[in-house]
Number of protein chains: 2
Amino acid sequence: MFKSAGTVERLANRLARLPGIGRKSANRLAFHILKLPKEEAVELAEIICEVKEKVGFCSTCNNISETDPCQICNDPKRDRAVICIVEEISDAAAIDRVEGFGGLFHILGGRLSPLDGIGPDDLKIRELLARLDDGVSEIIIATNPNVEGEATAVYLSKLLKPMGLKVTRIARGLPVGSDLEYADSVTLGRALDGRQDY
Amino acid sequence: MFKSAGTVERLANRLARLPGIGRKSANRLAFHILKLPKEEAVELAEIICEVKEKVGFCSTCNNISETDPCQICNDPKRDRAVICIVEEISDAAAIDRVEGFGGLFHILGGRLSPLDGIGPDDLKIRELLARLDDGVSEIIIATNPNVEGEATAVYLSKLLKPMGLKVTRIARGLPVGSDLEYADSVTLGRALDGRQDY
């Protein structure tokens, strides 16, 4: 980058701190923004500020929302007896795209990860317990199927089962459309364990 | 993305229009920006606006600059007899990082590409001709070593040579540190053609 354009370099430095954007992508993005029509660049800047101003978190489920409680928690058509626990907002968004799921969410905001110093108190578990009134009958644990996600799921199930709730875990198995030949043996093992009657 | 957070979705839509950022990266970036401390998000927005306000183009060499002419064109220590022609600003920045090059630049703003409808009039060639006073002795053509870049180089050399200027092209050959075994034959051919005396 040229010394003669300190502002562009500052922009590139700032962009390079975003996740998944390296030094070269940041330079390219900075040049792209420089070439954008002024209105478009200003629009981008405005939306960034707007997001920080308008969007907050739902005090019930910890989802992002412009209202509190969020539209999902407020939706009278949703099944209040089912709460799906996920790690991140993006996970909830993915599940919400699945047709047929009409329950509520609870977003933990992470997973248990002792190596990173993340314990139960760092997740929204207290908030989860607070909303478990008698209307709730099933808890679906949809943390990621990796080491930390599974550990979080085990922790939650041990916490919730004694409360007389039905606690389920999303199925682990072969992805639809995949090839048995190329599946790893852990996934195959899970697929066999979780086999179902025809 | 959730319907309940229209602003986040608008931000993700806007980010997805940037080069090299797909739908999923855009969602991830939008969530990241949402989680940033407010000052940092505002800072990012401000730099984007600042870039558009402060940074313009040098009327001599078409480089980005906060002054006109730019710091490179204005630098009394630079060799005004040598002009290096490149396609994009980022190319000039790359060459400027090479120690030993102390000439001026001229940024074409693209390459000849008839398939995309880009002809000589769409590049800053008129501006190049306008600055070729008697002080200039050598033109180094440093367009990219691909089909369009080579075509642009041939076009420029045919235009500039009759004017009595020394016109050179950057060498094409094996990259330093590469393996002869894995080099493609076109590059190897160029490396042989361009061999130099010890």
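No lab work stands behind these numbers, since they all come straight from the coordinates. Predicted, not measured: the structure shown is a model, and the values here were computed from it. Reconstructed Cβ throughout: ideal geometry from the backbone, glycine too, with neighbour counts over all protein chains shown.
Among residues other than A:G100 whose Cβ falls under 15 Å from its Cβ, what is the net charge (Lys/Arg +1, Asp/Glu -1)?
Values: positive: A:K77, A:R78, A:R97; negative: A:D79, A:D96, A:E99, A:E138.
Once all neighbours under 15 Å are counted, the net charge is -1.
Pull up the DSSP beta bridges for the protein assembly as shown and report the antiparallel fraction as a percent, rounded to 5.
Numbers: 6 of 32 bridges.
Around 20 percent antiparallel, to the nearest 5.
If the only charges are +1 at each Lys and Arg Cβ and -1 at each Asp and Glu Cβ, what is the size of the charge dipole of the protein assembly as shown around the Cα centre, to the nearest 20 debye? Each step should come with its number before you reach the end.
On the way: 52 positive and 60 negative charges, 10 e Å.
I would put it at about 40 debye.
If you take every DSSP beta bridge whose two residues both sit in the range A:64-197, what share of them, in percent to the nearest 5, is antiparallel?
Working: 1 of 14 bridges.
In the range A:64-197, DSSP labels about 5 percent of beta bridges as antiparallel.
How far, in whole Å, is the closest Cβ of chain A from the axis that maps A onto B, and which residue does it belong to?
With distances in whole Å, chain A gives A:A45, 2.
Quick check: net charge around B:N144, other residues with Cβ under 11 Å of its Cβ, Lys/Arg +1 and Asp/Glu -1? Please list the in-between numbers first.
Numbers: positive: B:R111, B:R172; negative: B:E87, B:E88, B:D91, B:E148, B:E150.
For residues surrounding B:N144, the net value is -3.
Please report, in debye to the nearest 20, how large the charge dipole of chain B is about its Cα centre when each Lys and Arg carries +1 at its beta carbon and each Asp and Glu carries -1 there.
On the way: 26 positive and 30 negative charges, 130 e Å.
Dipole of chain B, to the nearest 20 debye: 620 debye.
For the Cα atoms of chain B, what angle does the longest principal axis make with the long axis of helix B:38-54, in degrees from 0 to 90, nearest 10?
Between the helix axis and the principal axis of chain B, the angle is about 40 degrees.
Label points 7 Å out from Cα along the Cβ direction at B:D121 and A:V42: separation in nm?
3.2 nm
Roughly what angle does helix A:23-35 make with the longest principal axis of chain A, taking Cα atoms, 0 to 90 degrees, to the nearest 10?
For helix A:23-35, the angle is close to 60 degrees.
To the nearest 10 degrees, how steep is helix A:6-15 against the longest Cα principal axis of chain A, on a 0 to 90 scale?
The answer is roughly 10 degrees.
Alpha carbon centre of the range A:12-89 versus the range A:155-180: separation in Å?
29 Å
Mind checking which of B:I72, B:F101, B:S178 is farthest towards the positive end of chain B's charge dipole, using Cβ charges of +1 (Lys, Arg) and -1 (Asp, Glu) about the Cα centre?
B:S178
Distance in nm between label sites at A:K24 and B:T67, each 7 Å beyond Cα in the beta-carbon direction?
3.3 nm
Which whole-Hz couplings ³J(HN,Hα) result when phi for each residue of the range A:162-173 is put into the Karplus expression 6.51 cos²θ - 1.76 cosθ + 1.60, θ = phi - 60°, listed in order with x for Gly and Pro?
x, 7, x, 8, 7, 10, 10, 10, 4, 6, 9, x
At a 10 angstrom cut-off on C-beta neighbours, averaged per residue, how do the peptides B:40-47, A:32-39, B:85-92, B:191-198 rank from highest to lowest?
Working: B:40-47: 18.1, A:32-39: 14.6, B:85-92: 22.0, B:191-198: 8.2.
Result, highest mean first: B:85-92, B:40-47, A:32-39, B:191-198.
Based on the alpha-carbon gyration tensor of the range A:6-54 and its eigenvalue square roots a ≥ b ≥ c, which shape applies: rounded if a/c is under 1.5, prolate if not and a/b is larger than b/c, or oblate? Can you show the working numbers first?
On the way: a/c = 2.22, a/b = 1.31, b/c = 1.69.
Oblate, since a/c reaches 1.5 and b/c is not below a/b.
With a sphere of radius 9 Å drawn around the Cβ of A:L112, what net charge do the other residues whose Cβ falls strictly inside it have (Lys, Arg +1; Asp, Glu -1)? Present the calculation step by step, with values, prior to reporting the outcome.
On the way: positive: A:R111; negative: A:D122, A:E148.
Overall, the nearby charge balance is -1.
Over 31 Å between C-alpha atoms is what I'm after, so list which of A:K24/B:K166; A:K38/B:K24; A:K166/B:K38 land there. Please list the in-between numbers first.
Values: A:K24/B:K166 33 Å; A:K38/B:K24 26 Å; A:K166/B:K38 40 Å.
With Cα atoms farther than 31 Å apart: A:K24/B:K166; A:K166/B:K38.
Give me the inter-chain shielding for B:25-34: mean count of other chain Cβ atoms within 10 Å, whole number please. Intermediate results must be reported in sequence, preceding the final value.
Working: counts 5, 0, 4, 5, 5, 6, 7, 5, 6, 8.
The shielding value for this peptide is 5.
Show the residues, 5+ positions off or on another chain, whose built amide H is closer than 5 Å to the amide H of A:H106.
Placed amide hydrogens put A:C84, A:I85, A:V86 under 5 Å from A:H106.
Points 7 angstrom from Cα along the Cβ direction at B:S185 and A:K161: gap in nanometres?
With each label point 7 Å from Cα toward Cβ, the separation is 6.7 nm.
Report the antiparallel proportion of the DSSP beta bridges in the range B:1-140 as a percent, rounded to a multiple of 5.
Numbers: 3 of 11 bridges.
Antiparallel: roughly 25 percent of the beta bridges in the range B:1-140.
Determine the principal axes of the Cα atoms in the range A:64-197, then give the extent along each, sorted from largest to smallest and rounded to whole angstroms.
48, 36, 31
Apply the Karplus curve 6.51 cos²θ - 1.76 cosθ + 1.60, θ = phi - 60°, to the phi angles in the range A:110-123 and return the couplings in whole Hz, x for Gly and Pro.
x, 9, 5, 8, x, 4, 8, x, 9, x, x, 6, 8, 9
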